[in-house]
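This report refers to the structure that appears directly beneath it.
The values are calculated or read from the model by the stated rules, or taken from the named source; none is laboratory data. In this text the structure is predicted, and so the values were computed from the model without any measurement. Don't worry about glycine lacking a Cβ; one is built from the backbone with ideal geometry, like all the others, and counts go over all protein chains shown.
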Amino acid sequence: MSKKRPQSEVSRRKFLAGAAVTGAATSASVAKAGTPPIGAAKIPTVLRPTAQQIALEANVDVEVKPEHGRPGSDFMVDVIKSLDIDYCYANPASSYRGIHESLINYGKNTKPEFITCMHEESSVAMAHGYFKVTGKPQMVLCHGTVGLMHATMAIYNAWADRVPVIVVGGNDLDAARRAPGVPTYHSGQDINAMVRDITKWDDNPVSLQHFAQSFVRAYKMSMTPPYEPVMIALDGGLQEEPMNEHSGNLYIPKYIKSAPPHADTAALRDAAKLLVNAENPVIVVDRMARSQNGVNLLVQLAELVQVPVVDQSNRMNFPNTHHLNQSEQAQALIRNADLIVGLEVSDFWNTVNLFIDNGLDNGFGARQSRVKPGTKLVTISSAELNQKSNYQDFQRFQSVDISMVGDAEASLPYFIDAVKSASSGDRKAAYEKRGEAMKKAWTQSHERSRQTAAVGWNAAPISVPRLTAEVWAQIKDMDYSLVSSRGGIGAWPNRLFKMERHHHWLGGSGGGGVGYGLPASVGAAHANNKLGRFSVSFQGDGDMMFAPGAMWTAARHKIPYLSVLHNNKGYHQEVMHVQRMSNRRNRVANLGTVIKDMGPVGTRIENPDVNYAKLAESMGWWATPPISDPAELGPALKRAVEVVKSGQPALVDVVSQPR
Amino acid sequence: MSVLHNVCKVAALAGCLILGQAAAHAASAEKGKTLFMTYGCFQCHGTVGQGGNAGPRLAPNPLPYEALANFVRTTNRQMPPYREAVLPNEDLADIYAYLQSVPPTPDYKTIPLLNN
């Protein structure tokens, strides 16, 4: 491993030279690792690179001479800064006081900047949302036991959504040195254990050099597809002990991004032969596009043989304005298909099978195949590279004809080449005919969606399509990003918004944990704001109440975005679960005896209604009172958009239909 | 005789019985609207039966009463069946009257926001 002398200062000449080196190194890295997500390169960097950054980008490790009296956490900050991390989302805690002080004083609270959060679940969700915009993992600091316990749900969401987050938990490991009482309650011998099943890698460094290796390794592993969160336990003693001669000669390992794994080329050739010869092929995608490059590649593949694409929408994979986007015809296409190619589909079993939760089969529900006998099934997925078994996010097992392990986006260039090689001119007319049929189907679907949206157009509470169309009317001329959509809005934005760019829709939570929408929106808006984009979120009312303190973080750190509250006053998924049980048992669902709710006991958020406007205003937001009249919605949204443009977050409370 | 044939016969018989009982009841759209909410139909189908992410459109122009009633009583699909012990025939008839009262939907081309 090559090493150079440390640079303690950066002259103007060296700074400029370093900048040139930075550019070259970035290009080389991109060439190796694929195009970064859109926007990743656009984030303005106003700070001079540190000596460590320059040296690292020149492809060498950085030596750091231990200085007597400097705390170990200063060196940790040097390591963190070498990775160009923008933010540290955190709720303060005693177990990481050493690095906290180093970050804000020694590190001058930049790269990363400390973002004050009011719940560790919010911290992780903000980092989750930020990554989806920038493709850059962020750091979360938390108290190692109780804070990490709070963070776990959001870590699971990130795990299931294939999103990297660098979680660092403070911990006072040494029982002989830590204070008795609360600090000891809040310590553990292996704090990482509680998140080991939902992180890709973790470590518990016991020296400063160990920290440097582990932090860079953790970052690297989190950024190799499948992207996943990682966890580092950070001993309080190690943070606070001064660097001395026992620290040895420290160095910061250079981070070089790993090239993503792609599918086997021989298997891709076999799949390509099936694709070019199929009469009714369909491509199904879910978390396929990690970047705009992924979207562009998928369009290229689909157009080669005019194959329809069904986007399951955990990312914006395929433009909804393209005639080959046939997501609305998913069931019919899958039923008639002779070939189904699944790209990073999180639940392929449920794509080709139907499960009905209707109490048949001794209460376990019924299973029906959605596909014809003989339909060929092909998959490319990186999920098999995850060697974890406790949590069941891998879904039911589905046998397929060609199974390829690898990252789908990284595999697409090879797949496209294989399809081009396998194509012969005699199928050209068939592809053109299929393309024409898809154009007609797309137009019919487009019109059908709008006619469906017209039903109940003037209803109060406001219908979900009306709500969606009113929002679209206000944002359609801006470079927008729909950062979150929950609470029964369903696919309406995918039908009524024009979604053509990767950032137009960031997808869902991953693990389905309620409480993601608000903080993830804040994190995504944080990133979009720097890119000059307008962020909008459909916010579920139940989701908002899990950790409303995230609103304060948005106001405190001047993160503007439009939050449209889908206020249906209930937990509607659960309404039907209770209703289903009641009906199955021939009982009338209990709506309450003293206070009559509009749904089974335990599923409603009413009596009293939450005053969301006061809640938001109390934390520095602009907000509207509840809006039930559809005629009032457009003007309210217009005012809110202007507020957001002025730099303040805004909440529009819409009393809406359940779903 | 196939199982499907038997199911159809039973469903048809059930429909006739429900229809007969409902005919004797003066159905009220106003009462039906209240029942549509309290039985929770609106949770999936929307307050005017427009449909949603969890349930199909029911109105305007609902299915013939026999077909709708048969489905409500006997469905083995995603929606749980509402048997008479849970939803009496008279209440179902009122709900149907409400669905029939929902006015027609305008052509989406006349709604500017749906032509953006």
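Things to note:
- Just one residue in the set A:480, A:516 is within 14 Å of another protein chain (Cβ to nearest Cβ), touching a helix residue (DSSP H, G or I) at 6+ places or on another chain (Cβ under 8 Å) and more than 30 Å from residue A:305 (Cβ to Cβ); that residue is A:480.
Quick grid of which residues meet (1) surrounded by 21 or more Cβ atoms within 10 Å (Cβ to Cβ); (2) within 14 Å of chain B (Cβ to nearest Cβ); (3) farther than 30 Å from residue A:270 by Cα; (4) touching a residue at least 40 places away in the same chain (Cβ under 8 Å):
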| position | (1), (2), (3), (4) |
| --- | --- |
| A:413 | no, no, no, yes |
| A:417 | no, no, no, no |
| A:422 | no, no, no, yes |
| A:448 | no, yes, yes, yes |
| A:488 | yes, yes, yes, yes |
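- Screening A:98, A:135, A:129 for residues that are assigned by TED's automatic domain parsing to the domain that holds residue A:191, within 17 Å of residue A:557 (Cβ to Cβ) and in contact (Cβ under 8 Å) with a residue 60 or more places away in the chain leaves exactly one candidate, A:129.
- Residues in the stretch A:616-652 that are exposed (fewer than 14 other Cβ atoms within 10 Å of the Cβ), within 25 Å of the chain's Cα centre (by Cα) and in a helix (DSSP H, G or I): A:645 only.
- Filter result for residue A:143 (within 20 Å of residue A:229 (Cα to Cα) and either buried (at least 24 other Cβ atoms within 10 Å of the Cβ) or not hydrophobic (A, V, I, L, M, F, W, C) (or both)): yes
- For residue A:524, the conditions (1) in a helix (DSSP H, G or I); (2) within 14 Å of chain B (Cβ to nearest Cβ) are fulfilled apart from (2).
- One residue from A:76, A:118, A:149, A:126 being surrounded by fewer than 24 Cβ atoms within 10 Å (Cβ to Cβ) and in a helix (DSSP H, G or I): A:149
- Residue A:599 passes every criterion in (1) loosely packed, with under 15 Cβ neighbours inside 10 Å; (2) within 14 Å of chain B (Cβ to nearest Cβ); (3) not polar (S, T, N, Q) apart from (1).
- For the stretch B:92-116, the candidate set comprises residues that are more than 25 Å from residue A:446 (Cβ to Cβ) and in contact with a Phe, Trp or Tyr (Cβ under 7 Å, 6 or more places away or on another chain); within that set, the residue that is surrounded by the fewest Cβ atoms within 10 Å (Cβ to Cβ) is B:96.
- Hits in the stretch A:521-546 (condition: of a type in the set (Gly, Ala, Ser) and within 15 Å of residue A:89 (Cα to Cα)): A:521, A:523, A:524, A:525, A:527
- Just one residue in the set B:34, B:38, B:105 is of a type in the set (S, T, N, Q) and more than 8 Å from chain A (Cβ to nearest Cβ); that residue is B:34.
- The set of residues in the stretch A:462-485 that are assigned to a loop (DSSP other than H, G, I, E, B) and surrounded by 24 or more Cβ atoms within 10 Å (Cβ to Cβ) contains only A:463.
- Of the residues making up the stretch A:490-499, those that are out of contact with any Phe, Trp or Tyr (no Cβ under 6 Å at 6 or more places or on another chain), part of a helix (DSSP H, G or I), touching a residue at least 40 places away in the same chain (Cβ under 8 Å) and within 11 Å of another protein chain (Cβ to nearest Cβ) number 1.
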